[in-house]
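Here is the structure we will look at, set down as C-alpha coordinates.
The values are calculated or read from the model by the stated rules, or taken from the named source; none is laboratory data. This one's a predicted model, so the numbers in the text were calculated from it and none came from an experiment. FYI the Cβ positions are ideal-geometry reconstructions off the backbone, even for glycines, and counts take in every protein chain you see.
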Amino acid sequence: MTENKTKTRVLFLCVANSCRSQMAEGLARHYLGGKIEAASAGIMKSFVHPLAIAVMKEIGIDISSQRSKNMVEFDGHSFDFVISVCEESDSLCPAWIGAGEKFHIGFPDPAKNKGTQEEALNSFRSVRDDMRERLISFLKSKI
(Lines give C-alpha, C1' and ligand atoms only; values in the text may rest on other atoms or scores of the structure.)
Protein backbone atom coordinates (compact mmCIF):
# COMPACT_ATOMS: atom_id res chain seq x y z
CA MET A 1 0.00 0.00 0.00
CA THR A 2 1.36 3.43 -0.88
CA GLU A 3 1.36 6.26 1.63
CA ASN A 4 -1.24 8.37 -0.20
CA LYS A 5 -3.89 5.65 -0.30
CA THR A 6 -6.49 5.61 2.40
CA LYS A 7 -7.67 2.02 2.07
CA THR A 8 -6.08 -1.28 1.11
CA ARG A 9 -7.73 -2.68 -2.03
CA VAL A 10 -8.54 -6.41 -1.97
CA LEU A 11 -10.07 -8.60 -4.68
CA PHE A 12 -11.47 -12.02 -3.78
CA LEU A 13 -11.62 -14.54 -6.64
CA CYS A 14 -13.61 -17.73 -7.06
CA VAL A 15 -14.99 -19.65 -10.03
CA ALA A 16 -18.59 -18.42 -10.16
CA ASN A 17 -18.51 -15.48 -7.72
CA SER A 18 -21.68 -16.71 -6.03
CA CYS A 19 -20.76 -18.05 -2.57
CA ARG A 20 -17.24 -17.95 -1.14
CA SER A 21 -15.94 -14.80 -2.79
CA GLN A 22 -19.22 -13.01 -2.04
CA MET A 23 -19.06 -13.99 1.63
CA ALA A 24 -15.38 -12.96 1.77
CA GLU A 25 -16.23 -9.56 0.30
CA GLY A 26 -19.01 -9.04 2.85
CA LEU A 27 -16.87 -10.16 5.78
CA ALA A 28 -13.97 -7.91 4.78
CA ARG A 29 -16.24 -4.89 4.39
CA HIS A 30 -17.94 -5.55 7.70
CA TYR A 31 -14.88 -6.22 9.86
CA LEU A 32 -12.29 -4.06 8.08
CA GLY A 33 -14.36 -1.50 6.19
CA GLY A 34 -12.48 1.45 7.60
CA LYS A 35 -9.18 0.07 6.34
CA ILE A 36 -10.11 -1.97 3.30
CA GLU A 37 -11.93 -1.66 -0.01
CA ALA A 38 -13.18 -5.13 -0.92
CA ALA A 39 -14.44 -6.53 -4.22
CA SER A 40 -15.05 -10.00 -5.62
CA ALA A 41 -15.21 -11.62 -9.04
CA GLY A 42 -15.10 -14.95 -10.86
CA ILE A 43 -14.31 -16.47 -14.22
CA MET A 44 -18.02 -16.44 -14.89
CA LYS A 45 -20.78 -14.19 -13.67
CA SER A 46 -23.66 -16.02 -12.02
CA PHE A 47 -25.75 -14.93 -9.00
CA VAL A 48 -25.25 -14.37 -5.30
CA HIS A 49 -26.36 -17.64 -3.74
CA PRO A 50 -29.47 -17.22 -1.53
CA LEU A 51 -27.96 -19.38 1.22
CA ALA A 52 -24.84 -17.19 1.28
CA ILE A 53 -27.11 -14.19 1.75
CA ALA A 54 -29.06 -16.02 4.50
CA VAL A 55 -26.06 -17.13 6.58
CA MET A 56 -24.39 -13.74 6.34
CA LYS A 57 -27.62 -12.10 7.50
CA GLU A 58 -27.52 -14.40 10.56
CA ILE A 59 -24.38 -12.59 11.72
CA GLY A 60 -25.64 -9.12 10.85
CA ILE A 61 -23.99 -8.72 7.43
CA ASP A 62 -26.22 -7.86 4.47
CA ILE A 63 -24.77 -8.98 1.13
CA SER A 64 -28.14 -8.95 -0.65
CA SER A 65 -27.19 -5.89 -2.69
CA GLN A 66 -23.92 -7.41 -3.90
CA ARG A 67 -23.89 -8.79 -7.43
CA SER A 68 -21.90 -11.47 -9.18
CA LYS A 69 -19.16 -10.07 -11.39
CA ASN A 70 -16.87 -11.44 -14.07
CA MET A 71 -13.23 -10.64 -13.38
CA VAL A 72 -13.09 -8.90 -16.77
CA GLU A 73 -14.89 -5.99 -15.05
CA PHE A 74 -11.68 -5.35 -13.14
CA ASP A 75 -9.27 -5.36 -16.10
CA GLY A 76 -6.93 -2.42 -15.67
CA HIS A 77 -7.68 -2.08 -11.94
CA SER A 78 -4.95 -2.54 -9.41
CA PHE A 79 -5.31 -4.19 -6.03
CA ASP A 80 -2.98 -4.48 -3.08
CA PHE A 81 -4.02 -8.09 -2.53
CA VAL A 82 -5.75 -10.63 -4.76
CA ILE A 83 -6.97 -13.66 -2.81
CA SER A 84 -8.37 -16.80 -4.43
CA VAL A 85 -10.79 -18.60 -2.13
CA CYS A 86 -11.58 -21.73 -4.18
CA GLU A 87 -10.52 -25.07 -2.83
CA GLU A 88 -10.73 -26.57 -6.32
CA SER A 89 -7.69 -27.24 -8.43
CA ASP A 90 -5.79 -24.40 -10.03
CA SER A 91 -7.35 -25.32 -13.37
CA LEU A 92 -10.76 -24.23 -12.08
CA CYS A 93 -9.73 -21.27 -9.94
CA PRO A 94 -9.37 -17.99 -11.77
CA ALA A 95 -5.90 -16.55 -12.18
CA TRP A 96 -5.34 -12.83 -11.84
CA ILE A 97 -2.80 -11.32 -14.19
CA GLY A 98 -3.23 -7.73 -13.02
CA ALA A 99 -1.42 -5.83 -10.29
CA GLY A 100 -1.60 -7.05 -6.72
CA GLU A 101 0.14 -9.43 -4.36
CA LYS A 102 -1.49 -12.83 -4.87
CA PHE A 103 -2.53 -15.29 -2.17
CA HIS A 104 -4.57 -18.47 -2.03
CA ILE A 105 -6.70 -19.27 1.02
CA GLY A 106 -8.99 -22.11 -0.03
CA PHE A 107 -12.39 -23.04 1.33
CA PRO A 108 -14.72 -25.89 0.30
CA ASP A 109 -17.67 -25.03 -1.92
CA PRO A 110 -20.75 -25.00 0.33
CA ALA A 111 -23.05 -25.06 -2.72
CA LYS A 112 -21.95 -28.62 -3.43
CA ASN A 113 -23.80 -29.89 -0.34
CA LYS A 114 -26.83 -31.70 -1.74
CA GLY A 115 -28.33 -32.68 1.62
CA THR A 116 -31.36 -31.27 3.38
CA GLN A 117 -31.93 -27.52 3.65
CA GLU A 118 -30.50 -27.56 7.18
CA GLU A 119 -27.42 -29.54 6.06
CA ALA A 120 -26.88 -27.06 3.23
CA LEU A 121 -27.22 -24.11 5.62
CA ASN A 122 -24.75 -25.75 8.00
CA SER A 123 -22.29 -26.11 5.11
CA PHE A 124 -22.57 -22.39 4.36
CA ARG A 125 -22.28 -21.54 8.06
CA SER A 126 -19.15 -23.63 8.40
CA VAL A 127 -17.46 -21.92 5.44
CA ARG A 128 -18.60 -18.48 6.66
CA ASP A 129 -17.19 -19.07 10.14
CA ASP A 130 -13.91 -20.47 8.79
CA MET A 131 -13.60 -17.46 6.46
CA ARG A 132 -14.33 -15.05 9.28
CA GLU A 133 -11.51 -16.57 11.31
CA ARG A 134 -8.85 -17.20 8.66
CA LEU A 135 -9.42 -14.38 6.15
CA ILE A 136 -9.96 -11.60 8.65
CA SER A 137 -6.91 -12.70 10.67
CA PHE A 138 -4.83 -12.86 7.49
CA LEU A 139 -5.95 -9.41 6.33
CA LYS A 140 -5.40 -7.87 9.77
CA SER A 141 -1.83 -9.14 9.64
CA LYS A 142 -1.30 -7.50 6.24
CA ILE A 143 -2.85 -4.06 6.67
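Please list, ordered by first then second residue, the pairs with beta carbon atoms under 9 Å, 6 or more apart or interchain, first in region 22-40 and of a type in the set (Asp, Glu), second surrounded by fewer than 17 Cβ atoms within 10 Å (Cβ to Cβ) and not in a strand (DSSP E or B).
That search, which allows pairs on different chains as well, returns Glu37/Thr6; Glu37/Lys7.
Would you mind stating whether Leu32 is farther than 21 Å from Ser126 by Cβ and over 13 Å from the mean Cα position of the chain (by Cα)?
Yes, satisfied.
What residue, of His77, His30, is closer than 24 Å to Ile143 by Cβ and at pLDDT 95 or above?
His30
Quick check on region 80-99: of everything there that is more than 14 Å from Glu25 (Cβ to Cβ) and in contact with a His (Cβ under 9 Å, 6 or more places away or on another chain), which residue is modelled with the highest pLDDT?
Per the stated criteria, the residue is Cys86.
Would you be able to tell me the number of residues in region 120-142 that are touching a Phe, Trp or Tyr at 6+ places or on another chain (Cβ under 9 Å) and of a type in the set (A, V, I, L, M, F, W, C)?
Of the residues in region 120-142, 6 are touching a Phe, Trp or Tyr at 6+ places or on another chain (Cβ under 9 Å) and of a type in the set (A, V, I, L, M, F, W, C).
Quick one: which residue in Ile53, Ile43 is over 11 Å from the mean Cα position of the chain (by Cα) and either modelled with pLDDT of 95 or more or of a type in the set (S, T, N, Q) (or both)?
Exactly one of Ile53, Ile43 is over 11 Å from the mean Cα position of the chain (by Cα) and either modelled with pLDDT of 95 or more or of a type in the set (S, T, N, Q) (or both), namely Ile53.
Return the pairs, sorted by first residue and then second, in which the second residue is crowded, with 18+ Cβ neighbours inside 10 Å and of a type in the set (Phe, Trp, Tyr), the first residue lies in region 53-68 and is farther than 15 Å from Ser40 by Cβ, the beta carbons are less than 8 Å apart, and the residues are 6+ apart or on different chains.
Matching pairs, first to second residue: Ala54/Phe124; Val55/Phe124.
Please identify the pairs in which a residue from region 117-143 that is on the phi < 0 side of the Ramachandran plot has its Cβ atom under 7 Å from the Cβ atom of a residue that is among the basic types (Lys, Arg) and surrounded by 14 or more Cβ atoms within 10 Å (Cβ to Cβ), counting only partners at least 6 apart or on another chain.
What qualifies is Val127/Arg20; Ile143/Lys35.
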